[in-house]
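The values are calculated or read from the model by the stated rules, or taken from the named source; none is laboratory data. What you are looking at is a predicted structure, and each value in this text was computed from that prediction instead of being measured. Methodologically, a virtual Cβ is constructed for each residue, glycine included, from the backbone with ideal geometry; neighbour enumeration extends over all protein chains shown. Ligands, DNA and RNA are stripped out before the accessible areas are found, and what is left, the full protein with its side chains, is counted by its heavy atoms. Shrake-Rupley method; radii C 1.70, N 1.55, O 1.52, S 1.80 Å.
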Amino acid sequence: MKNKYFKSILLIFVLVLGIIFYMSNAFTLSSKEKKSSKVKKVKPAPTVPVKLVGIYVKNAKLKPDQLSVIPPKKTEVYKEKITPLTAVECGRCHSYHFNIIKKSGGKHQLECTFCHKKFHAYNPIKKNWKELMPKCNTCHLLFHGSKFSDCMKCHYNPHAPKLPMKITAEFAKVCGDCHPKEMDETVKYHSMHTDIGCTYCHAKTHGYIPSCLNCHKPHIAGQTVEECFKCHAPHSPLNIPPFAKDTSNKVCSACHATEFGKISTTKSKHGKVACVQCHPKHKYIPACTECHPQPHSEAMLKKFPNCLQCHMDVHNLPVKIGGK
């Protein structure tokens, strides 16, 4: 009797424990479901290829540094043989340089790679422009000597050597180094040209030769610059050389108007003589005896040694009136 009672109590205890365990598990599961329902569901990122700077990648979920690159289709370009660029190919990008060489390049109308051995290698951080640019003395050596080693100070555009060089203040200081003959002549025969300096006349570009008539009025109407040079050298204008035999009396008239007026109207034989016949050189005054060695007797010449005592004005000699 006691055993049956004990078994009944044990069975009831086990059932109660089972119910408690079941209820505790059910409560735990329901609380987890409630919490999970509050979290937003995130859809997985698509795995389709994405284009990145012209390259396709397989998996867009990866970070940029983890992307796997799909290589492009195989190209045949690397089977080609590389040849130096032609000037036309360079000119497609460097059109300014190509066109100015075409217009004023002179002997520099060469293939670009003849001078530019390195190109497309400039680094703004290294500032290696001078290292890349070709040097003039590679071909021209020190053409004007060691004093003028910086060619670009005068020949400012290496692509256009035929362009006239611009005259600058620095340029003006060294005229005599390349033109010593002209400089020495200007200093030796001092004139206003010495005082004004080279660049007053040669003011625009190197090699520019002005007209004398830019500053000076002509001696006679219609006189040309070429006629100016017959008497006046530009670097020693007051050092007038012997006159040409065909020099017109009108040229002399510009400075010697009084004498020209007399010689043009005189009835003496001197009216038929050209000025340069007696005055072959400027300011030269001849003695009468150079043309008239002994026009009178010894006694008269001894008494009157100076011809102008009687023949008063050589440009308007006295003449006999009437008779032959």
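Summary table below
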{"quantity": "Check on TYR96, at pLDDT 85 or above, hydroxyl-bearing (Ser, Thr, Tyr), closer than 21 Å to HIS155 by Cα and open to solvent by 100 Å² or more (accessible area, probe 1.4 Å)", "calculated": "yes"}
{"quantity": "Search result, residues across the range 131-158 that are open to solvent by 90 Å² or more (accessible area, probe 1.4 Å) and in a helix (DSSP H, G or I)", "calculated": "GLU131, THR138, HIS140, SER146, LYS147, LYS153"}
{"quantity": "Test: residue in the range 106-113 that is open to solvent by less than 70 Å² (accessible area, probe 1.4 Å), within 30 Å of TYR208 (Cβ to Cβ), under 21 Å from the mean Cα position of the chain (by Cα) and small (Gly, Ala, Ser)", "calculated": "yes"}
{"quantity": "Any helices (runs of 4 or more DSSP H) falling wholly within the range 246-324 and containing at least 2 residues that are open to solvent by less than 60 Å² (accessible area, probe 1.4 Å) and either over 29 Å from ILE220 (Cα atoms) or of a type outside the set (Ser, Thr, Tyr) (or both)", "calculated": "249-253, 257-265, 275-278"}
{"quantity": "Options VAL314, VAL251: the member that is aliphatic (A, V, I, L, M), out of contact with any Lys or Arg (no Cβ under 6 Å at 6 or more places or on another chain) and closer than 27 Å to LYS188 by Cα", "calculated": "VAL251"}
{"quantity": "The listed residue being farther than 30 Å from LYS181 by Cβ and under 47 Å from the mean Cα position of the chain (by Cα), out of SER248, SER268", "calculated": "SER248"}
{"quantity": "Residue match in the range 278-288 (condition: without any contact (Cβ under 8 Å) to a residue 12 or more places away in the chain, closer than 30 Å to GLY197 by Cβ and among the hydroxyl-bearing types (Ser, Thr, Tyr))", "calculated": "no"}
{"quantity": "Selection from the range 120-132 of residues that are within 15 Å of CYS90 (Cβ to Cβ) and of a type in the set (A, V, I, L, M, F, W, C)", "calculated": "ALA121, LEU132"}
{"quantity": "Test for LYS73: is it of a type in the set (Lys, Arg), surrounded by fewer than 10 Cβ atoms within 10 Å (Cβ to Cβ), farther than 30 Å from PRO158 by Cα and at pLDDT 65 or above", "calculated": "yes"}
{"quantity": "Of all residues making up the range 220-245, the number that are open to solvent by less than 50 Å² (accessible area, probe 1.4 Å), touching a residue at least 24 places away in the same chain (Cβ under 8 Å) and within 28 Å of GLY176 (Cβ to Cβ)", "calculated": "5"}
{"quantity": "Search result, residues across the range 187-214 that are closer than 25 Å to LYS281 by Cα and not polar (S, T, N, Q)", "calculated": "VAL187, LYS188, TYR189, HIS190, MET192, HIS193, CYS212, LEU213"}
{"quantity": "Qualifying residue in the range 180-194 (condition: modelled with pLDDT under 90 and surrounded by 12 or more Cβ atoms within 10 Å (Cβ to Cβ))", "calculated": "no"}
{"quantity": "Filter result for the condition that a residue is closer than 30 Å to HIS311 by Cα, within 41 Å of the chain's Cα centre (by Cα), of a type in the set (A, V, I, L, M, F, W, C) and in a loop (DSSP other than H, G, I, E, B), over ILE209, ILE240", "calculated": "ILE240"}
{"quantity": "Condition met for GLU80 (surrounded by 10 or more Cβ atoms within 10 Å (Cβ to Cβ), at pLDDT 85 or above and of a type in the set (D, E, K, R))", "calculated": "no"}
